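The values are calculated or read from the model by the stated rules, or taken from the named source; none is laboratory data. None of the values given here were measured: they were computed from a predicted structure. Cβ sites come from the backbone with ideal geometry, for glycine too, and all protein chains shown count toward neighbours.
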Amino acid sequence: MVAEASDAGRLFLITGPSGVGKGTLVSALLQRHPQIWLSVSATTRAPRSGEQDGQHYFFLDRGAFEVKVAEGGLLEWAEFAGNCYGTPREPVEQQLTAGRPVLLEIELEGARQVRSSFPSGFQIFIKPPSFEELERRIRGRGTDSEDAISRRLERARVELEAESEFDAALVNDDLDRALAELEQLMALA
Ligand code: 5GP
C-alpha cells in the first residue's frame, strides 16, 4: 500500500446513484483540470454502445475478474446491479506516488472499502434534485433493460441513505453550478 505522505497526490472519490450524472460532471471536471488522473475501472458489464475497452472500462469476463480479485490486483471491488466493478490497484498507487491528484468514480460499497484503506481521501456524494428526476434520467438514457432499471433504482434508494457518510455532498441540478461547487470542494476553484 502507498504511504500517505504529505507530498503524495491526493485521492478524491465521487459516489452517487446511477443516473445522477456523475459521468458528465467528471468529464467536465477533467476537461478543465487535466492534471487530475481518473482511474479506469474493470467491469464484467457488457460495453454500452460507444464505450471503448481501456478507455471507459476494462471489460473482463467473470473468470478474468475473479483472477484479478484473487491476485489482490483490485484496490476495491463490488457487485452492482448484477455485474462486478473494481479499481485496478497498481495505476492508482503509481499516480499517487507521482504526486498526481487521483479521482475514483465508484459506487457505495467500493467507497466504503476505500475509506478504510485511504482514510485521508476526500469522498464526495452527488445527489439528484429528487428521486423522480433520477428515475426519469435512468429511463431516458434508454440503454438498460427494465430489469436493470429496477435494480439500479432499488440500489439508488440505498445509496441516497448513505449521504451522511461522505465528507461532502452536492446536488447535480445544473451542470455549471454543480461543477463550480465540485471545484470548490476539491480546492480547484
Ligand atoms: P455503470 O454500469 O452505469 O457504468 O456503473 C454502475 C455503477 O458502478 C456506478 O455507480 C459506478 O460509479 C460504479 N462503478 C464504476 N466503476 C467502479 C469500480 O471500479 N468500483 C466500484 N465499486 N464501483 C464502480
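For every residue, the table says whether it meets (1) exposed (fewer than 13 other Cβ atoms within 10 Å of the Cβ); (2) at pLDDT 95 or above; (3) more than 13 Å from the ligand (Cβ to nearest atom); (4) under 20 Å from S27 (Cβ atoms).
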position: E79; (1), (2), (3), (4): yes, yes, no, no
position: G82; (1), (2), (3), (4): yes, no, no, no
position: Q94; (1), (2), (3), (4): no, yes, yes, no
position: E109; (1), (2), (3), (4): no, yes, no, no
position: R137; (1), (2), (3), (4): no, no, no, yes
position: G140; (1), (2), (3), (4): yes, no, yes, yes
position: T143; (1), (2), (3), (4): yes, no, no, yes
Conditions first: (1) over 17 Å from G23 (Cβ atoms); (2) of a type outside the set (K, R); (3) more than 14 Å from the ligand (Cβ to nearest atom). Q113 passes all but one, so which condition is the exception?
(3)
Subset of region 154-189, residues assigned to a loop (DSSP other than H, G, I, E, B) and either basic (K, R) or more than 18 Å from the chain's Cα centre (by Cα) (or both), comes to D173, D174, A187, L188, A189
Region 61-85 residues that are among the hydrophobic types (A, V, I, L, M, F, W, C), paired with ones that are surrounded by fewer than 11 Cβ atoms within 10 Å (Cβ to Cβ) (beta carbon under 8 Å, 6 or more apart)
C84/R62
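Residues are listed down the side, and each one gets a yes or a no for (1) modelled with pLDDT under 95; (2) over 17 Å from the mean Cα position of the chain (by Cα); (3) within 11 Å of the ligand (Cβ to nearest atom); (4) of a type in the set (G, A, S):
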{"site": "D7", "(1), (2), (3), (4)": "yes, yes, no, no"}
{"site": "A28", "(1), (2), (3), (4)": "no, no, no, yes"}
{"site": "I36", "(1), (2), (3), (4)": "no, no, no, no"}
{"site": "V40", "(1), (2), (3), (4)": "no, no, yes, no"}
{"site": "V69", "(1), (2), (3), (4)": "no, yes, no, no"}
{"site": "G73", "(1), (2), (3), (4)": "no, yes, no, yes"}
{"site": "E76", "(1), (2), (3), (4)": "no, no, yes, no"}
{"site": "P88", "(1), (2), (3), (4)": "no, no, yes, no"}
Could you tell me whether E163 is charged (D, E, K, R) and under 25 Å from F12 (Cβ atoms)?
yes
